[in-house]
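Read through the structure below, which is laid out as structure tokens, and then see the notes.
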Amino acid sequence: MTSERGRASYGSNPFINPLISWQNYLSKWIEVNRGFYYNTIKVGEYWFKVFWGPWLRGVSAEQKETAKVE
């Protein structure tokens, strides 16, 4: 039981055991970056579809017309 109380006191005080503090900080930082990159990819896909979608559909329509002429 004394070891459990000792661990709890070390974990709650980052000045006694700074490794626990750094571990928590780094894990939260990784989670934040993962969410940021995921959202950035989704926004990029959205804008790619908005800007390139109509143009690419227009090219495919032209290709269909030239295929009919040939």
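The values are calculated or read from the model by the stated rules, or taken from the named source; none is laboratory data. Given the structure is predicted, the values throughout are model-derived calculations rather than measurements. Every residue, glycine as well, gets a Cβ built from its backbone with ideal geometry; the counts of neighbours run over all protein chains shown. Heads up: the accessible areas ignore ligands, DNA and RNA and are worked out on the full protein's heavy atoms, side chains in. Shrake-Rupley method; radii C 1.70, N 1.55, O 1.52, S 1.80 Å.
Between S3, S9, S21, which is surrounded by 10 or more Cβ atoms within 10 Å (Cβ to Cβ), at pLDDT below 75 and part of a helix (DSSP H, G or I)? Steps first, answer last, please.
Details: S3 fails: surrounded by 10 or more Cβ atoms within 10 Å (Cβ to Cβ); S21 fails: at pLDDT below 75.
Exactly one residue qualifies, and that residue is S9.
Taking region 25-70 as the region of interest, how many residues are open to solvent by less than 100 Å² (accessible area, probe 1.4 Å) and modelled with pLDDT under 90?
Looking only at that region, the number is 10.
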